[in-house]
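Just below is one structure, and these are the notes that go with it.
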């Protein structure tokens, strides 16, 4: 079995599985075996929204028809939140192929709407794609943070060099070599 993929930030890619039937959650988790993703299963839309408050997910697989809060309402809440609106949602439903339900799913923000029984190879390929995108996005974010930090260091160093040169040239004609050395010594700590 492949272990869940760690992003460069050390975080594991996760898939949120949402279905009111535990046997469906078990089947989905089994289907994901061998994919570098950690499945997180919940049995309601409300529970899914709570999980999304505290964790990040590469993909959400969401049952369209659940009691209380159905998948469409759950997806609407997910897409309304700034923090979660980018997470791809794959709707899964046992309902017959109903174009109206599929349209409703896409309108709620789904990237796909699949009817059960689901083609396991197609679903696995989609999940792998979203996990890969999630991992690459995290890597890019990490690299951007490193570049921003390096730019800050370069800016601080440039300011230190300017201050040292100013001390060496002296505004009143007096060179302050000691001050220039002090400024450059502090700059080495960056």
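Data table
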quantity	calculated
Residue in the range 32-42 that is without any contact (Cβ under 8 Å) to a residue 24 or more places away in the chain and either farther than 18 Å from residue 112 by Cβ or assigned by TED's automatic domain parsing to the domain that holds residue 115 (or both) present	no
Helices (runs of 4 or more DSSP H) lying entirely in the range 72-190 (those with 1 or more residues that are touching a strand residue (DSSP E or B) at 6+ places or on another chain (Cβ under 6 Å), closer than 30 Å to residue 12 by Cβ and in contact (Cβ under 8 Å) with a residue 24 or more places away in the chain)	99-107, 120-169
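The values are calculated or read from the model by the stated rules, or taken from the named source; none is laboratory data. Just so you know, these numbers come straight off a predicted model, no measurement behind them. When we count neighbours, we look across all protein chains shown, and the Cβ atoms used for this are built from the backbone with ideal geometry, even at glycine.
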